[in-house]
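The values are calculated or read from the model by the stated rules, or taken from the named source; none is laboratory data. On a predicted model such as this, the values are computed, not experimentally measured, just so you know. All Cβ positions, even for glycine, are placed from backbone atoms using ideal geometry, and neighbour counts span all protein chains on display. These accessible areas exclude ligands, DNA and RNA; they are computed on the full protein's heavy atoms, side chains included. Shrake-Rupley method; radii C 1.70, N 1.55, O 1.52, S 1.80 Å.
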Amino acid sequence: MKNIDSRSHVRGESIYVDDIPVREGTLYGAVFGAPHAHGRITALDTAKAANATNVFRVLTAADIPGENQIGGIIPDEPLLAADAFHFQGQPIAIVLAESEEAARAALSLIHLEFEPLPVITDPRQARAQGELIQPPRTFKLGDVDSAWTNCTHIFEGRAESGGQEHLYIEAQGAYAYLTEQGGLQIFSSTQGPTAVQRTTTRVLAIGMHQIEVDVTRLGGGFGGKEDQATPWAVMAGLGALCTRRPVKIVLHRLDDMRMTGKRHPYSSDFKIGLDGDFKILAYEVTFHQDAGAAADLSPAVMERTLFHCTNSYFVPNVRATAYSCRTHLPPNTAFRGFGGPQGMFVIEAAICKAAEALGVKPAQIQKRNLLEEGDAFPYGQTTSGCRALASWNQLERSQGTAELEAGIAAFNETNRFIKKGLAFQPICFGISFTKTHMNQASALVHIYTDGTVGISTGAVEMGQGVNTKMLQVAAELFSIEPSRIKMETTNTTRVANTSPTAASSSADLNGKALEKACHCLRDRLCHTAAGILGHGRADRIQLREEKVFDGDMETDLSWAKLVEGAYFQRVSLSQQAHYATPGLHFDTETEKGEPFAYHVYGTAALVAVVDVIRGTYHFETVRLVHDFGRSMNKTIDLGQVEGGLVQGIGWMTMEELLYNEEGRLLSNALSTYKVPDIYAVPEEIAVEFLETEGSPLALLKSKAVGEPPLMYGLGAYFALRDAIRAWRDTADLPLAAPMTPERVLMALHGPHPVKPVPEESPAIA
Ligand code: MTE
Ligand code: GUN
Ligand code: MOS
């Protein structure tokens with residue numbers, strides 16, 4: 001089944017926040033952000049801006065009726081900075097005007113005086129100064145300290161990975177207006193409608209019951225709207241409350257890039273020990289997460305870094321410690337993989353370093369250490385349905401990686417100035433929110449008297465196809481045509497207390513709730529049919545669109561007729577249901593438990609081609625075997641794999657986020673921040689489905705697919721490094737991503753070690 005949004009997307013008919021027809025009297029908001037990264041506010045004068053043409057009002061922290069606080073995990077972030085600011089672009093005031101242009105024009109009339117304070121942009125420096133978001137956490141397995149003596153080879157090093165701009169096509173935005181009796185309606189481009197509702201309650205001091213948050217769909221989220229869609233929605237709500245007029249705030253792309261947080265950069269130290277057979281015996285790692293200026297989701301992201309610090313390898317002795325470091329950058333946030341990719345990059349870097357020093361290919365070490373059935377992760381859970389080796393072997397067998405490797409070796413022999421490199425990239429990603437309580441969802445199904453169906457769940461459609469999957473569930477359980485079913489908007493009044501659509505879990509969680517609701521309705525309808533047919537044996541009834549079956553006999557009851565009959569018999573045609581993933585638990589004292597419903601596995605092989613003279617490169621082929629379980633929608637799942645892969649390649653190669661020492665974003669536009677376009681996509685992406693049993697905790701045994709494929713992109717870094725090694729020794733080359741063409745050129749021809757981050761880059765004001 002095709003994505004149900006594809007037609008309206010292609011025709012430009014899909015509705016996003018900025019497409020909602022505005023009500024008469026709508027005001028447009030523009031946000032005034034801090035001009036410096038750290039300072040104490042000594043004076044703020046908004047009078048001139050407020051008096052400007054077509055400006056209706058300017059709001060500051062003083063206008064907030066409730067708590068000036070938006071921090072979720074840790075209450076450390078004001079909606080509007082009042083006494084001090086902690087990153088460039090931190091919201092301080094909101095101009096509300098009759099047009100967006102008028103609002104933006106008045107921003108320059110706001111007068112701010114401040115005393116500049118020292119700026120930290122380096123997480124290690126933050127740690128040294130005791131600037132931590134929370135105390136560090138350590139995951140342990142075995143006994144690392146005594147394991148080193150058994151190691152034949154020990155390597156130490158540092159690995160750095162950069163941030164990543166989400167670049168959802170739809171920028172952050174919200175539209176809010178008052179309804180009657182103190183009610184507030186908010187349309188938000190958010191992954192977390194309940195988070196918007198909860199925070200609005202806090203800031204505006206009105207009950208959650210008064211706030212209705214509605215989400216049609218997002219033009220992409222990628223984690224950037226899990227937590228950071230909230231402030232703009234709360235600001236729109238605040239504006240509506242203060243002016244009693246509808247308020248729309250949609251960020252300009254440059255403001256979005258400047259003011260919102262991104263994937264967390266990490267700077268990490270590792271030590272890895274192997275025996276004579278390249279078995280990894282011990283691994284020690286210290287992560288420095290650049291949290292930015294406030295906690296946001298950083299503690300949860302950091303936790304997932306620890307969960308995934310050994311990727312798909314079994315390591316008997318591990319000690320992994322993570323520091324969440326407070327700097328003066330915009331608070332970094334969720335981004336596809338949620339800290340997992342950063343954790344996995346370091347062990348891949350460690351293996352690469354060991355391989356380069358030992359003069360072997362990393363694949364030799366990787367394959368030797370893959371997880372097997374029953375192996376323990378550092379957090380105590382053991383593998384079940386492990387597909388690490390199975391996916392690797394299938395890749396070798398059916399994707400011809402041996403010939404690929406031989407071909408590359410031969411190519412490099414005969415080509416002096418073009419070099420090819422190969423990397424294998426296994427992945428293992430845990431499915432579930434790491435916070436156990438978040439693994440719940442609800443659904444609400446209405447069958448209307450004409451036999452059509454409306455479905456609401458807590459899941460937000462952001463391009464990943466969750467609505468299509470929900471629709472498939474209902475169509476299958478009711479045995480009716482998809483055209484009878486409508487996916488409703490995600491709405492906090494219809495489905496309450498939702499977890500954000502995140503952690504790749506939304507299809508599983510919401511789909512299971514929906515399954516439950518549909519089962520209830522199906523049972524009721526089967527009973528009704530059995531009653532109508534006069535025998536009362538509901539178990540004999542099979543629902544069908546055209547003719548309901550009684551055993552193997554066709555009846556003259558159609559679905560629509562049965563529904564109508566049920567209505568006249570006063571049988572409820574609506575059902576709500578709730579689902580919570582069974583069996584999950586985690587103890588943060590011992591750092592052990594069963595945090596994940598299941599794991600997703602897979603292995604990719606990536607081939608990079610480097611132009612040695614220019615430092616430019618492309619990816620000739622990516623072949624991968626991915627564990628989809630029993631994919632319920634291969635078109636959508638394939639799209640997720642391809643999109644995730646390319647996004648991961650972008651992070652590892654061309655996407656270079658640069659802040660200067662004053663905490664100013666230099667890569668602040670698409671002229672200076674490069675994302676993969678059609679030309680950067682690998683020439684070939686061959687995806688093979690590793691058909692497995694799936695997991696009973698996966699929706700229809702179709703495994704979660706949203707985030708895991710991004711981590712195949714890690715291999716892009718190592719494939720480039722392999723190509724560079726065909727030209728020159730890389731032993732002293734720092735393990736730092738992204739591997740931009742500039743870095744590749746320096747790696748090929750510059751002195752080693754190459755400085756990991758250039759000082760300045762040209763920027764657009
Ligand atoms: N795919 C598209 N097209 N757009 C997105 O914003 N977000 C990703 C992934 N795939 C995203 C996407 C992220 S970060 C997550 S967590 C999952 O989708 C969320 O959706 P799911 O739980 O339905 O997989
Ligand atoms: N995104 C990916 N994983 C997670 C998670 O564990 N928690 C949250 N909140 N978001 C995620
Ligand atoms: Mo995805 S980072 O869990 O929104």
Original post:
Which FRET efficiency, nearest 0.05, do Gln569 and Ala496 yield, Cβ-Cβ r, R0 41 Å?
Top reply: 0.85
Original post:
Considering the alpha-carbon set of the stretch 592-688 alone, what are its Rg and its Dmax in angstrom?
Top reply: 17.2, 51
Subject >> Within the accessible area of the chain (1.4 Å probe), percent carbon and sulfur >> reply: 51 percent
**OP:** Return the loop-located GluC sites (Glu not before Pro) in the stretch 558-594 (DSSP other than H, G, I, E, B) with at most 10 other Cβ atoms within 10 Å of their own Cβ; answer none if there are none.
**Re:** Glu589
**OP:** Mind checking which of Tyr313, Leu281, Gly421 is farthest towards the positive end of the chain's charge dipole, using Cβ charges of +1 (Lys, Arg) and -1 (Asp, Glu) about the Cα centre?
**Re:** Tyr313
Original post:
Helices from the chain with mean Kyte-Doolittle at least -1.0 and a Cα length along the axis of 24 Å or more, per DSSP H: which?
Top reply: 340-358, 506-532, 634-652
**OP:** Give the residue from Thr490, Gly511, Ala529 lying farthest towards the positive end of the charge dipole for the stretch 484-534; charges sit on Cβ (+1 for Lys and Arg, -1 for Asp and Glu) and the dipole is referred to the Cα centre.
**Re:** Ala529
Subject >> Reach of Lys701 by Cα under 17 Å, taken over aspartates and glutamates that are not fewer than 8 positions away in the same chain >> reply: Glu476, Asp508, Glu515, Asp627, Asp637, Glu691, Glu693
Original post:
Where does the chain land at 222 nm, in deg cm²/dmol rounded to the nearest 500, when only DSSP H runs of n ≥ 4 count, each adding -39500 (n - 2.57), divided by all residues?
Top reply: -8500 deg cm²/dmol
Original post:
Per-residue accessible area for Lys48 at 1.4 Å probe radius, Å² rounded to 10?
Top reply: 140 Å²
Original post:
Which order do peptides 266-278, 416-428 fall in by mean Cβ count within 10 Å, highest first?
Top reply: 416-428, 266-278
Original post:
With Rg and the Kirkwood Rh both taken from Cα atoms, where does Rg over Rh land for the chain?
Top reply: 0.99
Original post:
Once the convex hull of the C-alpha atoms of the stretch 322-373 is built, how many Å³ does it hold per residue, rounded to a whole number?
Top reply: 131 Å³
**OP:** Mind grabbing the accessible area of Lys435 for me, 1.4 Å probe, Å², rounded to tens?
**Re:** 70 Å²
**OP:** On the full set of protein chains, 1.4 Å probe, figure out the accessible area of Thr590 and give it in Å² to the nearest 10.
**Re:** 80 Å²
Original post:
Over the stretch 523-627, one equal point on each Cα, no solvent: what is log10 I(q)/I(0) by the Debye formula at q = 0.12, 0.13, 0.16, 0.20 Å⁻¹?
Top reply: -0.70, -0.72, -0.80, -0.98
Original post:
In Å, what Rg and Dmax follow from the Cα atoms of the stretch 64-156?
Top reply: 22.8, 72
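Fully extended, how many nm does the chain gain between Thr616 and Thr53 (0.36 nm per residue separation, minus their Cα-Cα distance)?
Details: separation 563, 0.36 × 563 = 202.68 nm, distance 5.06 nm.
My answer for the length gained is 197.6 nm.
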Original post:
If all Cα-Cα distances of the stretch 119-254 are sorted into 5 Å bins from 0 onward, what percent lands in each bin, rounded to whole numbers?
Top reply: 2, 9, 14, 14, 11, 10, 10, 8, 7, 5, 4, 3, 2, 1, 0
**OP:** Could you order Met344, Met632 so the one with the most accessible surface comes first? Probe is 1.4 Å.
**Re:** Met632, Met344
Subject >> Computed lengthening from Ile74 to Ser6, 0.36 nm per intervening residue step minus Cα-Cα distance >> reply: 20.6 nm
Subject >> the chain, relative contact order in percent, only Cα pairs under 8 angstrom and at least six apart counted >> reply: 14 percent
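Here is the link list: Lys469/Lys674; Lys469/Lys516; Lys469/Lys592; Lys2/Lys486. Which ones come out longer than 23 Å on Cα distance?
Result: Lys469/Lys674; Lys469/Lys592 exceed 23 Å.
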Subject >> With eigenvalues of the C-alpha gyration tensor scaled by 5 and rooted, the stretch 440-580, Å >> reply: 29, 14, 13
**OP:** Return one whole number: the accessible area per residue of the chain in Å², for a 1.4 Å probe.
**Re:** 37 Å²
